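Down below is the structure, laid out as structure tokens.
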Amino acid sequence: MSDERTLDLLEAKIEELRSLNATDGIDLSKEVARLEKKLETLRQELYANLTDWERVKLARHPKRPYAMDYIDAIFNGFYELHGDRIDGDDRSLVAGLAHLDDQTIVVLGQQKGRSTEEKKERFFGMTRPQGYRKARRAMLLAERFGFPVITLIDTPGAYPGLEAEEANIGGAIAENLLAMSALRVPIVTVVIGEGGSGGALAIGVADRILMLENAVYTVISPESAAVILWKDKDRMKEAAEALNLTAGRLLELGLIDGIVPEPAGGAHKDLDQVAAALKIELVKRLGELRKLEPSELVEVRYQRYRAVGMYRDTQGTE
Amino acid sequence: MPIFKEKDYLRVDLGKEPDESLWMKCKSCGELVFKRRVRENNNICPSCGEYFFLTPMERIGLLVDEGSFEDITKPIVADDPLVFSDRKPYVERVSDAQAETGMDDAIVVGRATISGLPLVLGVMDFRFIGGSMGSVVGEQICHAMETAMEDRRPFVLIASSGGARLQEGLFSLLQMAKTSAVRGRMAEAGLPFVSVMAYPTSGGVQASIASLGDIIIAERGALIGFAGRRVIQSAMTQELPSHFQSDAFAFEHGAIDRVVGREKMRDELSSLLGFFVEAR
């Protein structure tokens, strides 16, 4: 995004002036204030009317906060659990116990890597069967002890590879959908970045589904949709629009329950602010769900999923 | 290579060949074969054994007791919640598929008996937008399972699907959760679910309802997997074995219980369902 680069340059300039101000004793504070105001205006303008494709890029922004950033900022004493007890530990999906204020919860998050090394270790956030099985194990643990489950989705999609197919990744995703649909503890899901298809849904069957303002959630990536449906890999912008993948549209369609606002420029501009807003939202949603008996909770969740879908009756009132 | 090998049986539709021709050319082995022999052979090439395509009604005819099928498919058709249009508007894509197949959407469900044993059967149709699961297919599968629960019958699903119906966006993705949730209720009710994976069972259908069978059977020649061969090769530049995502591959890696030839499927289901009658 060239516009974003302009903003970054301006931001760097302000920093430079500030340091001059401090070291040389020249009073540039008026100049700094003027530039800061200009920066803010430009940023508001740039981000007020993002296209869906721009939002996809923002959801994938290299500086975007990842699951561990939110886990560290929101919860206390994160205690990570490893391994699926069968085959291995998939680092693209972190699972663990944590405290949300005074209650114990189980948190799952898909974690992209920041450095090249870490990206490789975490498979760019693409979860493998071992990761989905670890998630399932952690959710069953939560159910056993009555801990609510919070899941943070951020994946381009499930891992596409030979080993994943050999280990039946489709079956692993299916087992999670089944387990989550009847889990007897509250589940709150937050799409924090990319919600990539079945690989996201596999930790996304929930009582409350939230999205960060610039997160996206879609049945297929705009790039793949362009290739498959438009037979033209360059039409991903059009595909992004058509897929209705933004938080705003999905809320209008009634498929998610709420949106957590981000500062102009995206969540990475102010992690603390976004994490604080998200924490308030999580506490509120879990509070609503805690009022329900486990059997009621499961029934309400069941009815929600049983009812999802849009079709027309060909008999009756038409 | 495309996600779905352009196998002949996907393209040879016996119903569409001009009626006057007695012979057809198998696109797999090139032999001229007598059409009636193909039909009598369950739409399998008598010369090379290649499986030709079966429509849901043809498949039902081969599987269930004659005259026992009662169609309970709900009278619903696809809506267009996203007003989706790619190279063609979704509504047009649906009406074209309807005209071509004579079906409302990509599945038929109904009550039937096999060797006198009652069941609810769902059969997917790959011809209808790749057998993809959108809101209609998801609803029909749930309706079938609910009927099975009301009647206390087993449910058999014959999957033939490329995955989620992309044109319905997240509505389609969520059908994976919807069908899995109802499948959970069937398990609680103690009713068996047999999943038969035919060519192809992939993507969102393989990663939900089709993989949740108490027993999972592959029809010989099936393609079974989550991510397509092409997707994996472009993402990972990985060499894939020649039998990748074949029935043998799924069997070798423990994803399915058995591989069964089409000609034996009726007997297979009959003996399998028999175990559950005794159990109740």
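Tabulated data
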{"quantity": "Among (1) more than 26 Å from B:Arg185 (Cα to Cα); (2) in contact with a Gly (Cβ under 7 Å, 6 or more places away or on another chain); (3) surrounded by 24 or more Cβ atoms within 10 Å (Cβ to Cβ) - the single one A:Ile173 does not satisfy", "calculated": "(1)"}
{"quantity": "Answer residue from segment A:145-183, given it is closer than 19 Å to A:Arg85 by Cα and of a type in the set (S, T, N, Q) and is nearest to the other protein chains (Cβ to nearest Cβ) among those", "calculated": "A:Asn168"}
{"quantity": "Complete set of residues in segment B:192-226 that are assigned to a strand (DSSP E or B) and more than 15 Å from B:His253 (Cα to Cα)", "calculated": "B:Phe193, B:Val194, B:Ser195, B:Val196, B:Met197, B:Ala198, B:Tyr199, B:Pro200, B:Thr201, B:Ser202, B:Ile215, B:Glu219"}
{"quantity": "Exclusive hit being outside any helix (DSSP H, G or I), surrounded by fewer than 24 Cβ atoms within 10 Å (Cβ to Cβ) and either in contact (Cβ under 8 Å) with a residue 40 or more places away in the chain or among the acidic types (Asp, Glu) (or both), set A:Val185, A:Val191", "calculated": "A:Val185"}
{"quantity": "Residues that are more than 23 Å from B:Tyr199 (Cα to Cα) and assigned to a helix (DSSP H, G or I), drawn from segment B:134-167", "calculated": "B:His143, B:Glu146, B:Thr147, B:Ala148, B:Met149, B:Glu150, B:Asp151"}
{"quantity": "Long-range neighbours under 6 Å by Cβ, at least six apart or interchain, first residue crowded, with 21+ Cβ neighbours inside 10 Å within segment B:105-120, second among the acidic types (Asp, Glu) and at pLDDT 95 or above", "calculated": "B:Ala106/B:Asp125"}
{"quantity": "Index of the failed condition, A:Gly258 passing every other in (1) in contact with a Leu (Cβ under 7 Å, 6 or more places away or on another chain); (2) touching a residue at least 60 places away in the same chain (Cβ under 8 Å); (3) surrounded by fewer than 17 Cβ atoms within 10 Å (Cβ to Cβ)", "calculated": "(2)"}
{"quantity": "Unmet criterion (only one of (1) under 27 Å from A:Asp207 (Cβ atoms); (2) more than 7 Å from chain A (Cβ to nearest Cβ); (3) touching a residue at least 24 places away in the same chain (Cβ under 8 Å)) for B:Glu188", "calculated": "(3)"}
{"quantity": "Index of the failed condition, A:Ser92 passing every other in (1) surrounded by fewer than 19 Cβ atoms within 10 Å (Cβ to Cβ); (2) of a type in the set (S, T, N, Q); (3) in the same structural domain as A:Ala275 (by TED's automatic domain parsing)", "calculated": "(1)"}
{"quantity": "Residues satisfying the stated conditions in segment B:63-104, i.e. assigned to a loop (DSSP other than H, G, I, E, B), surrounded by 21 or more Cβ atoms within 10 Å (Cβ to Cβ) and not hydrophobic (A, V, I, L, M, F, W, C)", "calculated": "B:Pro81, B:Asp104"}
{"quantity": "Pick from segment A:150-170, criterion free of Cβ contacts under 8 Å to residues at least 60 places away in the same chain and touching a Pro at 6+ places or on another chain (Cβ under 7 Å), ranking: surrounded by the most Cβ atoms within 10 Å (Cβ to Cβ)", "calculated": "A:Ile169"}
{"quantity": "Residue in segment B:121-132 that is in the same structural domain as B:Ala189 (by TED's automatic domain parsing) and more than 20 Å from the chain's Cα centre (by Cα) present", "calculated": "no"}
{"quantity": "Residue match in segment A:211-224 (condition: in a helix (DSSP H, G or I), crowded, with 24+ Cβ neighbours inside 10 Å and either at the interface with another protein chain (Cβ under 9 Å from one of its Cβ atoms) or within 18 Å of the chain's Cα centre (by Cα) (or both))", "calculated": "no"}
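The values are calculated or read from the model by the stated rules, or taken from the named source; none is laboratory data. Everything quoted here is computed from the prediction, not taken from an experiment. For neighbour counting, all protein chains shown are included, and Cβ atoms are generated from backbone atoms with ideal geometry for every residue, glycine included.
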